[in-house]
Amino acid sequence: MESPNGNKPPAHSGDGVLIRLENVHKTYDLGEIQVHALRGVSLEIKRGEFVAIMGSSGSGKSTLMNILGCLDRPTKGRYFLDGTDVSQFSKIELARIRNRKLGFVFQQFNLLSRTSALENVELPTVYAGIPQAERTKRAQESLARVGLSDRADHHPSQLSGGQQQRVAIARALVNHPQILLADEPTGNLDSRTSVEIMDILQRLNDEEGLTVVIVTHEADISLYAKRALEFRDGRIKRDSLTQNRLIAKDVLPTLPALSDADDEEETAAAPGARDAPPAD
Amino acid sequence: MDFMNILRLALRALARNKMRSLLTMLGIIIGVGAVIATVSIGQGAQYLVQQGIQSMGTNAVFIAAGSNRPGGARMGFWAVKTLTMDDLHAILREVPLIRQAAPAVMSRAQIVYQNQNWNTQMQGTTPNYFEIRNWPVESGSVFSQDEVDMAANVCVLGTTVANILFDKANPIGQTVRIGNLPFRVVGVLESKGQSVMGTDQDDVIFAPYTTVQKKISGITWIQFMNASAVTQEASLAAVPQITALLRERHRIRPGEDDDFFVRTQSEVADLANQTQSVMTLLLGSIASVSLIVGGIGIMNIMLVSVTERTREIGVRMAVGATESDVQNQFLVEAVTLSMAGGMAGIVVGLIGSALISKFLTWPTLISFWAILIAAIFSGAVGVFFGFYPARKAARLDPIEALRYE
C-alpha cells in the first residue's frame with residue numbers, strides 16, 4: 001500500500017542504468033484464483049551496484065529474480081535490460097540474453113554430476129557457439145578468477161560445498177555477463193564458507209565492476225551488499241543503501257577456521273550453525 | 001547450435017551413465033540381431049529351395065498317374081495302371097511344346113554286392129531322363145537306348161548306393177544282384193544331395209524301364225514321367241494341352257476327375273518361394289516386434305532420464321540453451337543409443353547367423369538389404385521413440401525445472 005520509501009535511487013535513466021523495471025506486474029493464473037506475485041514494481045539498478053533482494057517467502061522476491069533473470073516475462077509493465085526492452089522477447093531471444101548478459105548462481109549449486117569442474121564451467125560457452133579451444137581457455141580463466149584452477153578435473157562429488165559454489169560462480173562468469181544473479185547463494189553453506197562466497201562476490205563487484213544481484217532471506221548476508229531491497233506482498237517495501245556494510249575480507253579473519261573440515265561437512269551445516277556475524 | 005556440438009553434448013551425457021546406456025541399447029541390439037539372423041535363415045532356406053528346384057532341371061513338367069484332387073479319395077500313383085509308354089509317345093507327338101520325356105517305373109529293390117546289401121529305390125527309365133534332370137554321371141556312362149530296347153540287365157547307381165556297396169572300390173563293370181538277377185553297373189551318378197523335401201536323392205538305382213517292367217515288377221504301365229518343355233513359359237502352356245490329350249486317351253468323360261496329374265517345375269518353384277517368403281516375413285516380423293520393444297525401452301529410459309535430469313535441463317536453459325537445443329540433445333541421445341545398438345545388433349546378427357550355419361548346418365544368406373533396413377530402422381526407432389521424451393524435456397519451464405527436487 002505504501003509507496004517505496006527509504007533511500008530512493010535516482011529516478012532518471014542515466015547512462016549507468018543497467019536494469020530498469022517500469023510498473024512490473026506478475027500474475028499467475030491458477031484457474032479459479034489469480035495469484036498476484038508482483039503488484040507494480042518499479043526499480044533501477046546501475047552498473048556496478050551490489051543489490052540484495054530481501055523478503056519472506058511469498059513476498060515476490062523470487063518472482064522478481066526470475067524476471068530479472070529473463071527466465072520469466074512480466075504480465076504487465078516493462079523491463080529494460082541494458083537499454084533494451086526485453087519484456088516481450090521470445091523464448092529464444094530470452095535464452096540468448098541469459099547466455100550473453102546474465103550469469104546465474106543457485107542455492108543448490110546445480111552442477112552437472114560426473115562432469116569435471118572445467119566442463120561444468122564451459123557449459124554456457126557451448127550454447128554461445130564458441131569454438132572448443134576458446135571454450136577451454138575461457139573456462140580455465142574463469143576457474144582462476146574463483147581460485148580453483150587446481151580443481152579443474154575434479155567432479156562435483158569430489159568438491160566441498162564451497163568449492164562447488166565457486167565452480168558455479170566460475171560458470172556464471174564464463175561468458176563475461178553484465179550481471180551476476182545469485183539466488184540464495186549461501187543458503188546451503190555454513191557461515192564461514194558463506195562469507196568466503198560473499199568475499200568472491202564483493203571482489204568481483206569491487207575489482208571488476210560487475211553488477212551483482214543476490215536474493216537472500218538472511219539479514220546478515222544482505223549486509224555485504226551495497227543496497228538492499230525489501231519485498232512484501234509483491235511490492236518493494238524498503239529500498240535502502242546498506243549502513244555499516246560488511247566487508248567479507250575483513251570478516252573472515254575473525255571467524256573460526258573451518259577450512260580443515262571444508263571438504264566434508266559444510267553442505268550439512270544447519271541454519272543454527274550460523275552465528276551472527278560480528279559487528280564491524 | 002550446430003550438430004557436432006549437440007552430438008558432443010549427447011555423447012557426454014550418455015558417457016555419464018555408461019551402464020544404463022549399454023542396457024538401454026541391449027533391447028535394440030537383440031532386436032536388430034534377431035532380425036538379421038532370422039532373415040538370413042529365411043533367405044538361406046529360400047536359396048536352398050531354389051537350388052533344389054534348379055537341380056530338378058529347368059522347364060521340367062511332371063506327369064504322374066493318380067488323382068491330384070485334394071480331399072476326396074485319392075489313389076496313390078503306384079496303384080493306377082492307366083499311364084503307359086503310349087501316353088508318353090502321344091505327348092511327344094502331339095504336344096510340340098514338350099521336347100523330351102522319360103518314363104519312370106518305380107520299385108523297391110534289395111541290392112547285393114558280395115557281402116554288402118542295401119534296400120533302395122529302383123527306377124526304370126530311359127537315357128534321356130538324365131538329360132531332363134540335368135544329372136550327369138560321375139564315372140562310367142548311363143545305359144543306352146539299345147540296352148533299353150533289349151531290356152538289358154544294366155544299372156546306374158546313385159552315389160549313396162555306390163558308397164554303401166563299394167565303399168572306395170570302383171563299381172564300374174562290377175556285377176550286383178537285384179532280386180535274383182545279376183546287373184552290370186555301367187555308371188555312377190554325380191551327387192545331387194538332398195531334395196527340397198529333405199530326402200536323399202542319391203539313394204537310388206536306375207535301370208532301363210523295360211527291364212524293371214518285365215523282370216522286376218511284371219507290369220506294363222508306368223508310374224510317372226519327367227518331361228521337359230522347350231522353355232519355362234512353354235512348360236506352363238503345355239499343361240492344359242497334356243491334360244486334354246490324356247483325358248481323351250484315357251476316355252475320361254467331362255465332369256469326371258483326372259486319373260493323372262500334371263505339375264510344372266515353375267509351379268513348384270513359385271509355391272516353394274511363396275512359402276519361404278511368408279516364412280521369412282513371419283520370422284522377420286516376429287523379430288521386428290523385439291525391435292519395437294527395444295524402442296519402447298529407449299523411450300522408457302529417456303523419460304526416466306528427462307525426469308532425473310530435470311535440474312540439469314533447468315541449468316542448461318538458465319545458461320542459455322533454447323528449447324530446440326534441449327530437444328535436439330535428447331533426440332540425438334536417443335538416436336545415438338538406437339543407432340549404436342543397431343550397429344552392435346548387426347554384428348550380433350552376423351555372428352548369430354554364422355553360428356547357426358556352422359552348428360545347425362543350415363545355410364544362411366546375409367542380405368545387404370536386411371542390414372541396410374535394420375540400420376535405417378534402428379535410427380528411425382530412435383527418432384520415433386526419442387521424440388516424445390525430447391519434446392517433454394524441451395517443454396520444461398526452466399523455473400520449475402530448477403526448483404525440481
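The values are calculated or read from the model by the stated rules, or taken from the named source; none is laboratory data. Because the structure is a prediction, the values reported are computed rather than measured. Note: ideal-geometry Cβ built from the backbone for every residue, glycine included; neighbour counts use all protein chains shown.
Details
- Whichever residue in the range B:202-214 is touching a residue at least 60 places away in the same chain (Cβ under 8 Å) and within 25 Å of the chain's Cα centre (by Cα) and, among such residues, is surrounded by the most Cβ atoms within 10 Å (Cβ to Cβ): B:Val204
- Screening B:Arg16, B:Arg20 for residues that are more than 10 Å from chain A (Cβ to nearest Cβ) and of a type outside the set (A, V, I, L, M, F, W, C) leaves exactly one candidate, B:Arg20.
- Criterion: within 14 Å of another protein chain (Cβ to nearest Cβ), out of contact with any helix residue (DSSP H, G or I) (no Cβ under 8 Å at 6 or more places or on another chain) and farther than 25 Å from B:Asn5 by Cβ - qualifying residue of B:Glu308, B:Glu405: B:Glu405
- Filter pass, B:Gly320 being surrounded by 24 or more Cβ atoms within 10 Å (Cβ to Cβ), at pLDDT below 95 and more than 12 Å from chain A (Cβ to nearest Cβ): no
- Summed over the range A:199-241, the residues that are among the aromatic types (Phe, Trp, Tyr) and either surrounded by fewer than 18 Cβ atoms within 10 Å (Cβ to Cβ) or part of a helix (DSSP H, G or I) (or both) give a count of 0.
- Selection status of A:Asn66, within 14 Å of chain B (Cβ to nearest Cβ), touching a residue at least 40 places away in the same chain (Cβ under 8 Å) and either under 19 Å from A:Val212 (Cβ atoms) or of a type in the set (Phe, Trp, Tyr) (or both): no
- Extreme residue, nearest to B:Thr120 (Cα to Cα), among residues of the range B:137-194 that are over 35 Å from the mean Cα position of the chain (by Cα) and hydroxyl-bearing (Ser, Thr, Tyr): B:Thr175
- Failed item, numbered, when B:Trp369 is tested on (1) surrounded by fewer than 21 Cβ atoms within 10 Å (Cβ to Cβ); (2) in contact (Cβ under 8 Å) with a residue 24 or more places away in the chain: (2)
- Condition met for B:Asn119 (within 22 Å of B:Lys168 (Cα to Cα) and without any contact (Cβ under 8 Å) to a residue 40 or more places away in the chain): yes
- Residue selection: A:Ser57 satisfies the criterion of being more than 11 Å from chain B (Cβ to nearest Cβ), modelled with pLDDT under 95, outside any strand (DSSP E or B) and surrounded by fewer than 18 Cβ atoms within 10 Å (Cβ to Cβ).
- Looking at A:Ala117, A:Ala139, A:Ala95, just one residue is buried (at least 22 other Cβ atoms within 10 Å of the Cβ), within 8 Å of another protein chain (Cβ to nearest Cβ) and without any contact (Cβ under 8 Å) to a residue 60 or more places away in the chain, and that residue is A:Ala95.
- Residue check, A:Leu123 over 26 Å from B:Gln329 (Cβ atoms), modelled with pLDDT of 90 or more and of a type in the set (A, V, I, L, M): no
- Yes/no for B:Gly352 being under 27 Å from B:Leu23 (Cβ atoms), away from chain A (no Cβ under 14 Å) and surrounded by fewer than 24 Cβ atoms within 10 Å (Cβ to Cβ): yes
- For the range A:167-190, a residue qualifies if it is of a type outside the set (A, V, I, L, M, F, W, C) and in contact with a helix residue (DSSP H, G or I) (Cβ under 8 Å, 6 or more places away or on another chain), and the qualifying residues are A:Arg171, A:Asn175, A:Pro177, A:Gln178, A:Asp183, A:Pro185, A:Thr186, A:Asn188, A:Asp190.
- Test for A:Leu148: is it over 19 Å from B:Arg311 (Cα atoms) and either at pLDDT below 95 or away from chain B (no Cβ under 14 Å) (or both): yes
Conditions (1) closer than 30 Å to B:Asn17 by Cα; (2) at pLDDT below 85; (3) within 14 Å of chain A (Cβ to nearest Cβ), marked per residue:
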{"position": "B:Ala244", "(1), (2), (3)": "no, no, no"}
{"position": "B:Gln265", "(1), (2), (3)": "no, yes, no"}
{"position": "B:Ala272", "(1), (2), (3)": "no, yes, no"}
{"position": "B:Gly284", "(1), (2), (3)": "no, yes, no"}
{"position": "B:Gly295", "(1), (2), (3)": "yes, no, no"}
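- Across the range B:126-166, the number of residues qualifying as surrounded by fewer than 15 Cβ atoms within 10 Å (Cβ to Cβ), without any contact (Cβ under 8 Å) to a residue 24 or more places away in the chain and under 20 Å from B:Gly193 (Cβ atoms) comes to 0.
- Which listed residue is farther than 19 Å from A:Pro124 by Cα and without any contact (Cβ under 8 Å) to a residue 40 or more places away in the chain, from A:Glu207, A:Glu230, A:Glu196, A:Glu184: A:Glu207
Yes/no per residue for (1) part of a loop (DSSP other than H, G, I, E, B); (2) at pLDDT 95 or above; (3) within 22 Å of B:Ile53 (Cα to Cα):
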position	(1), (2), (3)
B:Met106	no, no, yes
B:Ala109	no, no, no
B:Val112	no, no, no
B:Trp118	no, no, no
B:Gln121	no, no, yes
B:Phe130	no, no, yes
B:Asn134	yes, no, yes
B:Glu138	no, no, yes
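- Inter-residue pairs, beta-carbon under 9 Å, first of a type outside the set (Val, Ile, Thr) and in the range B:1-12, second at pLDDT below 85, 6+ apart: B:Leu9/B:Met1
- Residue under evaluation B:Met1, criteria (1) at pLDDT 85 or above; (2) within 14 Å of chain A (Cβ to nearest Cβ), criterion not met: (1)
Table: residues versus (1) within 14 Å of another protein chain (Cβ to nearest Cβ); (2) in a helix (DSSP H, G or I); (3) among the hydrophobic types (A, V, I, L, M, F, W, C); (4) in contact (Cβ under 8 Å) with a residue 40 or more places away in the chain.
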| residue | (1), (2), (3), (4) |
| --- | --- |
| B:Ile216 | no, yes, yes, yes |
| B:Ile219 | no, no, yes, yes |
| B:Glu248 | no, yes, no, no |
| B:Gly255 | no, no, no, no |
| B:Phe261 | no, no, yes, yes |
| B:Ser288 | no, yes, no, yes |
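- Residues that are surrounded by 20 or more Cβ atoms within 10 Å (Cβ to Cβ) and either within 10 Å of another protein chain (Cβ to nearest Cβ) or out of contact with any Gly (no Cβ under 6 Å at 6 or more places or on another chain) (or both) within the range B:25-34 comprise B:Ile30, B:Ala34, listed in sequence order.
- Residue identified as closer than 27 Å to B:Ile313 by Cβ and crowded, with 23+ Cβ neighbours inside 10 Å among A:Pro185, A:Pro131, A:Pro177, A:Pro156: A:Pro185
- Scanning the range B:350-362 turns up one or more residues that are among the polar types (S, T, N, Q) and modelled with pLDDT under 90.
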